[in-house]
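Note sheet for the following structure.
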């Protein structure tokens, strides 16, 4: 084997994983995998390929701060993957009713997903989190919680749709139609 072929194999494996996530995203309703994981793994694949090409060059002394860059990058990627995994688990649980009968998500408790999304909302109340919590509250018949989450959404179609669904559930058909 020539020098650097191990790193090139890792880069190819990462690229194959990226293709797999792309195929998975064609049928998945949660786009988190593509948008959150792709940039990090693309960067990791590029760093791995760069490491393979620089392995053939003579070793030079790196500045003190640059020596720890690969460890720092790996740590950042690991933390980001854990966060993405947390959000993916929450999404899988919240949308368990839509999972195929033999899939892992179909066996998760939707209440787990709601609890995880509440934890996310405490740290980062993103619009997709509030919209998901509003939807979960509507499914559970908690119209006050659904209204509270819908009210925290930014103005736009998602907020209007959530407010209309709450109005419809409360029997206010005219208000729902206006929204």
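Things worth noting here:
- Residue order, fewest to most beta carbons within 10 Å, for 18, 102: 102, 18
- Between residue 172 and residue 73, the modelled labels are 5.4 nm apart [label points 7 Å from Cα along Cα→Cβ].
- Histogram of C-alpha separations across region 125-179, 5 Å bin width, %: 4, 26, 33, 25, 10, 2, 0
- The length gained by stretching the chain between residue 144 and residue 13 to full extension, at 0.36 nm per residue less their Cα-Cα distance, is 42.3 nm.
- Peptides ranked, highest mean first, by Cβ atoms within 10 Å: ranges 93-99, 117-123: 93-99, 117-123
None of the figures in this text is laboratory data; all of them are computed from the coordinates on show. Here the structure is a predicted model, which is why all the values come from computation and not from measurement. Cβ sites come from the backbone with ideal geometry, for glycine too, and all protein chains shown count toward neighbours.
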